[in-house]
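What follows is a set of notes on a single structure, which appears directly below.
The values are calculated or read from the model by the stated rules, or taken from the named source; none is laboratory data. Being a predicted model, the structure only gives us computed values, none of them experimental. As a convention, Cβ positions derive from the backbone with ideal geometry for all residues, glycine included, and neighbour counts pool all protein chains shown. Protein only, heavy atoms only, side chains kept; ligands, DNA and RNA dropped before computing areas. Shrake-Rupley method; radii C 1.70, N 1.55, O 1.52, S 1.80 Å.
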Amino acid sequence: MSEFKGAVVTGSSRGIGAVTAQLLAEQGIGVVVNYRAKAPRANKIVAAIEEKGGKAVAVGADLTSAEGPQALVDAAVENFGSLDVVVLNASGGMETSMGENYALRLNRDAQVAMLQAALPKLSEGGRVVFVTSHQAHFINEVSTMDAYDAVAKSKRAGEDALREMIPELAEKNITFVVVSGDMIEGTITATLLNRMEPGAIDARREAAGKLYSVEEFGAEVAKMVFADVETGHTELVGGAGDFLTQSGK
């Protein structure tokens, strides 16, 4: 079982975040399951965790709001006694209804705000994991689909901004790890992209050789919470052959 007691997993009422939250709970970690609008979905994840003897609490919080990140931090400390792990999984930006610059507000500004809120309470020796895509991680060297370009750039901006906080995290021996994956089968992003650019997912599957499922990728994210790696490490899930070739790395 893990020595970590409390975790916040952002955007964990479904998809990769939900899988990650459930796997962390199986390791004995109390998990704050975060949702923005869909409480019943989050409650279902909490119920599934509790059925297996795990600990979890659902907390509604919009990460782009001033009070959202703090609510998640407080929930971890109040319910589980400490905050040891933060998985920055929430992302988006392809929604057309969320106003101008939403991708940057969510994928950069809210990620930084979440980590800033967590830092005073994060335990010595804690771990922060940022979840991203190869399309975003390599966007400065390898172009992506037009429909995903703004989101990819905003996620890379978020990764860069978080990396700038590594020295601050190091003062408390908190490690920062990036987990990057290709397009994930069955996610909202993949579905939206395929709708906007038919054939996009098939093309990625062909280029990558294999695309991970939500369950498979969530397992990789959870694994990197415990992995013995140096701070600043980037885990390229499934490899990133064609990205590395195109970027000349």
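Here, region 142-249 yields an orientationally averaged convex hull projection of 7.4 nm² when only Cα atoms define the hull.
If you take the Cα Rg of region 183-227 and divide it by 2.2 N^0.38 Å, with N the number of residues, what do you get?
So region 183-227 has a normalised radius of gyration of 1.29.
Extension gain for Asn140-Arg41 works out to 32.1 nm (0.36 nm per residue, less the C-alpha to C-alpha distance).
Would you please classify the overall shape of region 90-146 from the alpha carbon gyration tensor, given that a ≥ b ≥ c denote the square roots of the eigenvalues, rounded means a/c under 1.5, and beyond that prolate means a/b larger than b/c while oblate covers the rest? All intermediate terms of the calculation are to be shown ahead of the outcome.
On the way: a/c = 3.30, a/b = 1.53, b/c = 2.15.
The shape class here is oblate.
Once a ≥ b ≥ c are taken as the square roots of the eigenvalues of the Cα gyration tensor of region 67-199, is the result rounded (a/c under 1.5), prolate (a/b larger than b/c) or oblate (a/b not larger than b/c)? Since a/c reaches 1.5 and a/b is larger than b/c, the shape of region 67-199 is classed as prolate. Among the GluC sites (Glu not before Pro) in region 145-249, those located in a DSSP loop and surrounded by at most 12 other Cβ atoms within 10 Å of their own Cβ are Glu164, Glu171, Glu230. Quick one: angle between helix 149-163 and the longest Cα principal axis of the chain, in degrees between 0 and 90, rounded to 10, please. That helix lies at roughly 40 degrees to the long axis.
Check each of the trypsin sites (Lys or Arg not before Pro) in region 23-129 and keep only those in coil by DSSP with at most 15 other C-beta atoms within 10 angstrom; list them in order.
Numbers: sites: Arg36, Lys38, Arg41, Lys44, Lys52, Lys55, Arg105, Arg108, Lys121, Arg127; in loops: Arg36, Lys38, Lys52, Lys55, Lys121.
When the trypsin sites (Lys or Arg not before Pro) of region 23-129 are filtered for loop state and at most 15 Cβ neighbours within 10 Å, Lys38, Lys52 remain.
A straight line joining the Cα centroids of region 31-50 and region 153-223 runs 22 Å. Against the main long axis of the alpha-carbon atoms of the chain, helix 214-226 sits at an angle near 50°. In the context of the full set of protein chains, residues of the chain present 44 Å² of accessible surface per residue (probe radius 1.4 Å, heavy atoms only).
DSSP loop (so not H, G, I, E, B), at most 16 other Cβ within 10 Å: list which GluC sites (Glu not before Pro) in region 1-104 pass both filters.
Working: sites: Glu3, Glu26, Glu50, Glu51, Glu67, Glu78, Glu95, Glu100; in loops: Glu3, Glu67, Glu95, Glu100.
For GluC sites (Glu not before Pro) across region 1-104 that sit outside H, G, I, E and B with at most 16 neighbouring Cβ atoms in 10 Å, the list reads Glu3, Glu67, Glu95, Glu100.
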